[in-house]
């Protein structure tokens with residue numbers, strides 16, 4: 001029996017075990033700012049891997065979830081001057097949801113779909129990676145060392161995880177990021193970059209009836225700035241800016257002494273970032289309402305994922321492997337950001353969205369297509385087995 005047959009046969013028998021692990025993980029709190037909850041999901045990952053004889057290493061997080069690295073021995077990289085050895089399976093354990101969300105709507109199955117906070121984005125991908133690592137540990141056959149990287153703060157831009165991810169990428173022969181497959185069943189070969197920033201504005205409080213002229217409205221200043229910021233959106237170039245959160249003021253009858261709003265910038269090409277950030281700084285430094293002061297602070301950032309000849313070869317290998325698993329898969333572009341941009345920027349050929357198929361992420365309607373779990377695991381395992389013959 002070939003390694004391909006052994007591994008895929010074992011994975012095919014793991015559906016119920018995968019669902020059990022997924023149910024436990026979805027029912028565990030894991031918002032990005034809930035370090036204890038994210039670390040509990042990490043303990044689940046380590047417990048599973050250790051039970052299958054897989055060695056792990058924990059890189060502690062200060063404020064956010066720890067990073068976990070798992071190791072499965074494999075063959076060596078090609079003798080073609082390629083010093084990068086590791087085949088990396090990557091994913092994040094954190095979600096966007098507030099504490100207590102799993103209690104309010106726990107994991108459930110309705111028909112062919114599973115529901116629950118983070119079920120697709122991306123706890124199903126985490127579970128899939130766990131089982132793929134276990135399969136290669138059990139049967140061998142990997143053409144190089146396998147590293148499973150399980151991070152804990154992707155949904156807020158990986159403020160602590162980024163350094164770990166980039167260090168791993170510098171020794172990565174190829175990276176598969178198991179973000180959810182698109183609703184179409186496709187994988188992702190290109191993503192936008194993103195910058196998440198906060199603008200704080202100071203004004204001056206005054207009674208809005210009895211002493212109106214003495215006030216300086218921070219909210220009024222924010223209104224001018226937001227209009228100017230939204231005007232920077234250029235859909236033809238793939239650049240979007242959205243002010244999604246705003247707070248400020250003291251009372252309805254007081255001129256607002258302060259205001260804060262948050263900006264989501266998305267872009268396609270690296271040089272667009274510098275262009276738009278420069279224009280943002282100009283808007284923030286200008287006082288539309290005399291007497292106001294403002295500052296801009298970057299809170300999180302993702303780099304874009306753009307295709308390279310090497311990543312196109314990785315996709316070709318994956319596409320052929322998926323076809324052997326009964327899947328018709330293409331690759332597409334998405335405006336969403338992910339950690340895959342960090343690995344690509346380090347020169348690691350990267351393919352994203354190879355996890356089980358799901359949709360409506362970040363919402364109460366988020367779902368996972370249950371029947372995609374085993375075939376997507378088989379497809380990724382087959383792609384790993386074929387890297388060597390593809391010269392990767």
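A straight chain from residue 308 to residue 110 at 0.36 nm per residue would run longer than the Cα-Cα distance by 67.3 nm.
According to the Cα gyration tensor, what semi-axes, each the square root of 5 times an eigenvalue, does the equivalent ellipsoid of the range 222-276 have, listed from largest to smallest in whole Å?
Here the semi-axes work out to 29, 9, 8 Å.
Using a cutoff of 8 angstrom between alpha carbon atoms and counting only pairs six or more residues apart, the relative contact order for the range 193-302 works out to 42 percent.
Can you tell me the FRET efficiency between residue 213 and residue 363 if r is taken as the Cβ-Cβ distance and R0 is 45 Å, rounded to the nearest 0.05?
Once rounded, the FRET efficiency stands at 0.45.
For the range 138-247, the relative contact order works out to 9 percent when only alpha carbon pairs closer than 8 Å and six or more residues apart are counted.
So I have [x] 12; [y] 18; [z] 21, and one of them is percent of Cα pairs over 40 Å apart calculated from this model. Which one is it? Among [x] 12; [y] 18; [z] 21, the one calculated here is [z].
By the gyration tensor of its Cα atoms, with a ≥ b ≥ c the square roots of the eigenvalues, what is the shape of the range 137-221: rounded for a/c under 1.5, prolate for a/b over b/c, or oblate? Verdict is prolate for the range 137-221. Just to confirm the number: angle between the C-alpha axis of helix 124-139 and the first principal axis of the chain, 0 to 90 degrees, nearest 10? The two axes meet at around 30 degrees. Distance between the pseudo-spin-label points of residue 13 and residue 51 (7 Å out from Cα toward the beta carbon): 1.6 nm.
In the elastic network of the chain, a GNM with C-alpha springs shorter than 10 Å, the most mobile of 116, 215, 141 is 215. Considering only 349, 270, 309, the Gaussian network model of the chain with Cα springs below 10 Å gives its largest mean-square fluctuation to 309. Across all directions, the average projected area of the convex hull around the alpha carbons of the range 216-360 is 11.3 nm².
Which FRET efficiency value, to the nearest 0.05, is calculated for residue 62 and residue 2 with the Förster distance at 51 angstrom and r the Cβ-Cβ distance? Could the numbers behind the result be given before it?
Details: r = 46 Å, r/R0 = 0.89.
Rounded to the nearest 0.05, the efficiency is 0.65.
Which FRET efficiency, nearest 0.05, do residue 298 and residue 254 yield, Cβ-Cβ r, R0 30 Å? Show your work: numbers first, answer last.
Working: r = 30 Å, r/R0 = 1.01.
Using R0 = 30 Å, I get an efficiency of 0.50.
Computed from Cα atoms, the angle from the helix 373-385 axis to the main principal axis of the chain rounds to 70 degrees. Residues considered: 252, 38, 289. Largest GNM mean-square fluctuation over the chain, using C-alpha springs under 10 Å, is found at 252. The length gained on full extension between residue 234 and residue 27, counted as 0.36 nm times the residue separation minus their Cα-Cα distance, comes to 70.5 nm.
What does DSSP give for the chain in terms of the percent of beta bridges that are antiparallel, rounded to the nearest 5? Please report the intermediate quantities before stating the final value.
Numbers: 50 of 71 bridges.
That works out to approximately 70 percent antiparallel.
Spin-label model, residue 281/residue 170: points 7 Å from Cα along the beta carbon direction are separated by 2.6 nm.
Could you give the length gained on full extension between residue 224 and residue 198, defined as 0.36 nm per residue of separation minus the Cα-Cα distance, in nm?
7.8 nm
The distance linking the range 1-36 with the range 178-217 is 36 Å (Cα centroid to Cα centroid, whole angstrom).
Add -39500 (n - 2.57) for each DSSP H run of 4 or more in the chain, then divide by its residues: what number comes out at 222 nm, to the nearest 500 deg cm²/dmol? Don't skip to the end; give the middle numbers.
Details: 11 runs with 132 residues, N = 392.
My calculation for the chain gives -10500 deg cm²/dmol from helical runs alone.
Classification of the range 193-302 by its C-alpha gyration tensor yields a prolate form. The axis ratio a/c (a ≥ b ≥ c) is 1.5 or more, and a/b outweighs b/c.
Take every Cα pair under 8 Å whose residues are at least 6 apart in sequence, average their separation, divide by the length of the chain, and the relative contact order is 22 percent. Residues of the range 221-246 falling in the label zone of residue 269, defined by backbone nitrogen less than 12 Å from a point 7 Å along Cα to beta-carbon, are 237-239.
Ranked by Cβ crowding within 10 angstrom, fewest neighbours first, how are 217, 184, 340 ordered? Provide the component values of the computation, followed by the final result.
Working: 217 25, 184 12, 340 29.
Fewest-to-most ranking of 217, 184, 340: 184, 217, 340.
Here, each number is a calculation from the coordinates, and none is a lab measurement. Since the model is a prediction, treat every value here as computed from it, not as a measurement. In this analysis, Cβ positions are derived from the backbone assuming ideal geometry, glycine residues included, and neighbour counts consider all displayed protein chains.
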